[in-house]
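This report refers to the structure that appears directly beneath it.
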Amino acid sequence: MFQRLREDINSVFDRDPAARNFLEVLTNYPGLHALLVHRLSHWLWQKNLKWLARTLSSLARWFTGIEIHPGATIGRRFFIDHGMGVVIGETAEVGDDVTLYQGVTLGGTSWNKGKRHPTLEDGVIVGAGAKILGPFTVGAGAKVGSNAVITKEVPAGATVVGIPGKVVKRDDPDTVTPLEVDPERREAMRRKFGFDAYGVSQDMPDPVARSMQAMLDHMHAVDERLERMCTTLRSIDAGFRDSNLPELRDEDFANVLADVDSCCGPQDEPQGDKTADAQDHTEAEGGDTAARRQNG
């Protein structure tokens, strides 16, 4: 028992540079207090003393702000940093050397009995506010970013961020055929479309920046294919190089614009303006009629 206690305290020193001495960790770290109470409540739960186990767990929640169900299985050297708002469900399984930060939820997505909470393998690190929901496994050594929402299995050694969680880094990356892109032309395309990845380089794990970079690479490939098509057309038709599109002149659209003005003129003209326009039109017609008579 004392050996496990010393092991837990040493794990705090290993993962929290703010820890200064043995007494401070033992008396002021709520994550350690919640873990010690859970070990006792879990033992009571296994002995079928479920009410007493739940009561002890509730007391620990009041004092530490950390809720660990007595049925949850916790491994060795488990560390909860800060801890406020951490919730660990009944069927959750946590391996050795796992680290959780404040606001983490190991929850379920079903009301059915049985396995409904996640399994965290050895060495997993879960950032503040992350939610891991469902009966799946987070592989050994995986890292979950702060405020991420994870609803499916995470490979070992992967880094997951976002809502929903997306794998942005793997120990064994997928093998894909690299796209052959001229860096200078890629930069020219980027400037043409005004894309700026907010100072994020291509190697940084930003899914949005990578998506935008993939779109630019795709446009680059389309541009090259169009150029090859134009080159082929020039080889077939020598006059293709000199052919230009007809020039658009304003005179060509004069009739169209006149029709638009007649069909879509202003509808909400003041009554006084309409009367004045009608009077001017009548006077103009009268003047034209008098002129025709005089000429005739």
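No value in this document is a laboratory result; all are computed from the given coordinates. Keep in mind that what you see is a predicted model, and the values were worked out from it rather than measured. Methodologically, a virtual Cβ is constructed for each residue, glycine included, from the backbone with ideal geometry; neighbour enumeration extends over all protein chains shown.
Per 5 Å bin, what is the whole-percent P(r) computed from every C-alpha pair distance within the range 1-79?
3, 16, 26, 22, 19, 9, 4, 1
Identify the trypsin sites (Lys or Arg not before Pro) of the range 90-151 meeting these criteria: DSSP loop state and at most 16 other C-beta atoms within 10 Å of the C-beta. Walk me through the numbers before you get to the answer.
On the way: sites: Lys113, Lys115, Arg116, Lys131, Lys143; in loops: Lys113, Lys115, Arg116.
Counting only loop positions with at most 16 other Cβ atoms within 10 Å, the trypsin sites (Lys or Arg not before Pro) in the range 90-151 are Lys113, Lys115.
With θ set to phi - 60°, apply the Karplus curve 6.51 cos²θ - 1.76 cosθ + 1.60 along the range 150-157 and write out the HN-Hα couplings as whole Hz, x wherever there is a Gly or Pro.
Values per residue, Gly and Pro as x: 10, 10, 8, 4, 10, x, 4, x Hz.
Taking the range 13-56, which trypsin sites (Lys or Arg not before Pro) meet the DSSP loop condition and have no more than 15 other C-beta atoms within 10 Å?
Listed in order of number, the matching sites are Arg20, Lys47.
Expressed in nm to one decimal, what extension gain is obtained for the pair Glu90 and Arg6 from 0.36 nm per residue of sequence separation less their Cα-Cα distance?
27.6 nm
Over 31 Å between C-alpha atoms is what I'm after, so list which of Lys50/Lys169; Lys47/Lys115; Lys113/Lys169 land there.
Over 31 Å Cα-Cα: Lys50/Lys169; Lys113/Lys169.
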